[in-house]
Amino acid sequence: MPYSVTPTAIPEVLILEPRVFGDARGFFFESFNARDFAEVTGLNVSFVQDNHSKSGRGVLRGMHYQIQHPQGKLVRVVQGTVFDVVVDMRKSSPTFGRWVGAMLSDANHKQIWIPPGFAHGFVVLSESAEFLYKTTDYWYPEHERSLLWNDATVGIEWPIDFEPKLAAKDAAGKPFGQAELFD
């Protein structure tokens, strides 16, 4: 199997670790294969958009979600290291309001599957990082929302000792108690 899959404390959020073939020349791995993804996750998803961002040390992007046209995301880092976080925004979920996080890097090749209904974000811990993600729906800016990255109710334990660099929309994110939620 090209990946191993590990459920997180929120069972629908999955960490995928690809089988990496390496030698003196470098390495090779399949970063995505629809048939194998479906087999190891039990999910049949269609991705419609690929996104690529580059950010410097200390940049925090998030916590983003789309209240309509929610996106499932398969995320990974191709250069650098980030701490990646998801928050369950689904009122009917037994893990509503809980978060999970994981280190993603070009060295560990890990990926995270984030189902629709979750807020997502990451902070860059290396000098810079390039972040790739596939989405199951298109970006609709009118439906995009930002959960406040440091909301005390959610209590994300960011592994940082600095004030992150934020976009205006992220600095103005809504506290969890005021955020729009999924049913």
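Coordinate-derived values only; no laboratory data. Values in this document were obtained by computation on a predicted structure and should not be read as measured data. Here the Cβ positions follow ideal geometry from the backbone for every residue, glycine too, while neighbour counts run over all protein chains shown.
Summary table below
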quantity	calculated
Conditions (1) assigned to a strand (DSSP E or B); (2) more than 15 Å from L14 (Cα to Cα); (3) not polar (S, T, N, Q): number failed by A102	(2)
In the range 12-43, residue nearest to the chain's Cα centre (by Cα) [restricted to those that are closer than 23 Å to R90 by Cβ and either among the charged types (D, E, K, R) or surrounded by fewer than 11 Cβ atoms within 10 Å (Cβ to Cβ) (or both)]	E12
Qualifying residue in the range 94-107 (condition: surrounded by fewer than 18 Cβ atoms within 10 Å (Cβ to Cβ) and acidic (D, E))	yes
Some residue of the range 51-59 being exposed (fewer than 15 other Cβ atoms within 10 Å of the Cβ), over 30 Å from E163 (Cβ atoms) and among the charged types (D, E, K, R)	no
Any hit, the range 98-108, residues being closer than 22 Å to V59 by Cβ, among the polar types (S, T, N, Q) and touching a Lys or Arg at 6+ places or on another chain (Cβ under 6 Å)	no
Hey, D84 among the charged types (D, E, K, R) and either touching a Leu at 6+ places or on another chain (Cβ under 8 Å) or in contact (Cβ under 8 Å) with a residue 40 or more places away in the chain (or both) or not	yes
Yes/no for K174 being surrounded by fewer than 21 Cβ atoms within 10 Å (Cβ to Cβ), basic (K, R), touching a Ser or Thr at 6+ places or on another chain (Cβ under 9 Å) and over 19 Å from S55 (Cβ atoms)	yes
Qualifying residues in the range 60-86 (those that are under 15 Å from the mean Cα position of the chain (by Cα) and β-branched (V, I, T)) - the one farthest from H109 (Cα to Cα)	V86
